[in-house]
1. I'm checking my understanding of the structure. Among residues of the stretch 140-173 that are hydroxyl-bearing (Ser, Thr, Tyr) and closer than 30 Å to Ile118 by Cβ, which one is farthest from the chain's Cα centre (by Cα)?
2. Looking at the stretch 236-282, which of the residues that are of a type in the set (S, T, N, Q) and more than 28 Å from Met164 (Cβ to Cβ) is farthest from the chain's Cα centre (by Cα)?
3. Scanning for something in contact (Cβ under 8 Å) with a residue 40 or more places away in the chain, open to solvent by less than 30 Å² (accessible area, probe 1.4 Å) and in contact with a Lys or Arg (Cβ under 9 Å, 6 or more places away or on another chain), does the stretch 251-269 turn up at least one residue?
4. Going through the stretch 293-315 one residue at a time, which ones are open to solvent by 30 Å² or more (accessible area, probe 1.4 Å), part of a helix (DSSP H, G or I) and either under 18 Å from Tyr151 (Cα atoms) or in contact (Cβ under 8 Å) with a residue 60 or more places away in the chain (or both)?
5. Can we say Thr165 is over 25 Å from Leu248 (Cβ atoms), open to solvent by less than 70 Å² (accessible area, probe 1.4 Å) and either at pLDDT below 90 or β-branched (Val, Ile, Thr) (or both)?
6. Could you count how many residues in the stretch 136-159 are surrounded by fewer than 16 Cβ atoms within 10 Å (Cβ to Cβ) and at pLDDT below 85?
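The values are calculated or read from the model by the stated rules, or taken from the named source; none is laboratory data. Everything numeric here is computed off the predicted structure, so don't read it as measured data. Counting neighbours? That spans all protein chains shown, and the Cβs are built from the backbone with ideal geometry, glycine included. Calculation scope for accessible area: heavy atoms of the full protein, side chains included, ligands and nucleic acids excluded. Shrake-Rupley method; radii C 1.70, N 1.55, O 1.52, S 1.80 Å.
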Amino acid sequence: MEGGNSPNLQLQQLPLATAEVSVQPHTDSFSYKENLIGALLAIFGHLVISIALNLQKYSHIRLAGSKDPRAYFKTKTWWCGLFLLVLGELGVFSSYAFAPLSLIVPLSAVSVIASAIIGIIFIKEKWKPKDFLRRYVLSFVGCGLAIVGTYLLITFGPNSHEKMTGENITRHLVSWPFLLYMLVEIILFCLLLYFYKEKNANYIAVILLLVALLGSMTVVTVKAVAGMIVVSIQGNLQLDYPIFYIMLVCMIATAIFQATFLAQASQLYDSSQIASIGYILSTTVAITAGATFYLDFTGEDILHICMFALGCLIAFLGVFLITRNRKKSVPFEPYISMDAMPGMQNMHDKGIAVQPDLKASFSYGALENNDNMPEIYTPATLPIVQEQHGSKGVSAPPYRVLEHSKKE
């Protein structure tokens, strides 16, 4: 009986082994196509978002420079920008359902490249060729480096794919590597929030690291939600799993808090610094979260991982050079410049301003209103009082200071 059963067992195992060997090349080809689809959707989305933001900015500037009494939301340009913005966000959102998280996140450099190119094309000043090249040489070099880095990211990006079903996401959510990562991230976030709120540590690195930690959870939940929606559209309904709604709530909450910290950072620091440092920190933390939660780099060889890391570094350098070339906003000086006028006294005397800024006013001159002149500049009078001797021989003070009020 044993000799009769062994051939049957061998015949049953052979088709399984053959099936595994035949499926593997097809899976690699299909996963590469998914990577390409996801990368193209992300690039398209970031390009459209950049164009949309510039259109809306153009609408605001055009209304501010004209006598048009209409509000910005009543112009066609602003609504066109809003439509393109929604379209671009949908493209980026859907890209997470096809390609790994670690591949999609660094492609946000495309938005910085597009903004730099749009700014150069639509610039209104007329430059000489030498001045133009000298002024924008860093932008050209940065765009070239960012494009090279993007190419390396797409070519050597992680190639791991799995169906975003409720069972798979739940299994990743309770895995010990992700739980350990979440513990470290929560402790780090609480420490940074304590120093930011209680110790007034308003450093740009602290604020943007808070944004990056929240953003890593945002992209993890975005991939889960987008993947489950795509799987449901394909016929395998996933919207009845509770994990879908948990991920949806976490995605909305982290996105709102992320926008809040970004708004606070934009009030304290220049937008070019926020763009470069925020991109580097957010991309690094998001790739770490994707590698921990979705195991993006499992099964990848050392060469692909090193080339992918090189692409990230080149993209980081390109974005840094692009944002470094932007003009920094010059704060308004509420004083009349005496330096530019020959024969006039210097504006500052040992660091002390000649004309003080009264009541934080941005009006030229020393006064806001001439009616306040007696109230501000009337000196205190020192009337002389006759010395009077009391009965006990105590002398009164020789004078006293009388402060004049506005009624007097």
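1. Applying the filter and picking the extreme gives Thr155.
2. It comes out as Gln267.
3. No, that holds for no residue.
4. Those that are open to solvent by 30 Å² or more (accessible area, probe 1.4 Å), part of a helix (DSSP H, G or I) and either under 18 Å from Tyr151 (Cα atoms) or in contact (Cβ under 8 Å) with a residue 60 or more places away in the chain (or both): Leu303, His304, Ile305, Cys306, Met307, Ala309, Leu310, Leu313, Ile314.
5. No; evaluated as a whole, the condition is false for this residue.
6. The total comes to 1.
Each row is one residue, and each column tells you yes or no for (1) β-branched (Val, Ile, Thr); (2) in contact (Cβ under 8 Å) with a residue 24 or more places away in the chain.
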site	(1), (2)
Leu145	no, yes
Leu153	no, yes
Trp176	no, no
Glu185	no, yes
Val219	yes, yes
Gly227	no, yes
Gly235	no, no
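Results for (1) among the small types (Gly, Ala, Ser); (2) loosely packed, with under 15 Cβ neighbours inside 10 Å; (3) at pLDDT 90 or above; (4) within 26 Å of Leu41 (Cβ to Cβ), shown as yes or no for each residue.
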{"position": "Leu55", "(1), (2), (3), (4)": "no, no, no, yes"}
{"position": "Ser66", "(1), (2), (3), (4)": "yes, yes, no, no"}
{"position": "Thr75", "(1), (2), (3), (4)": "no, no, no, no"}
{"position": "Gly88", "(1), (2), (3), (4)": "yes, no, yes, yes"}
{"position": "Ser95", "(1), (2), (3), (4)": "yes, no, yes, yes"}
{"position": "Ser115", "(1), (2), (3), (4)": "yes, no, no, yes"}
{"position": "Lys126", "(1), (2), (3), (4)": "no, yes, no, no"}
{"position": "Lys130", "(1), (2), (3), (4)": "no, yes, no, no"}
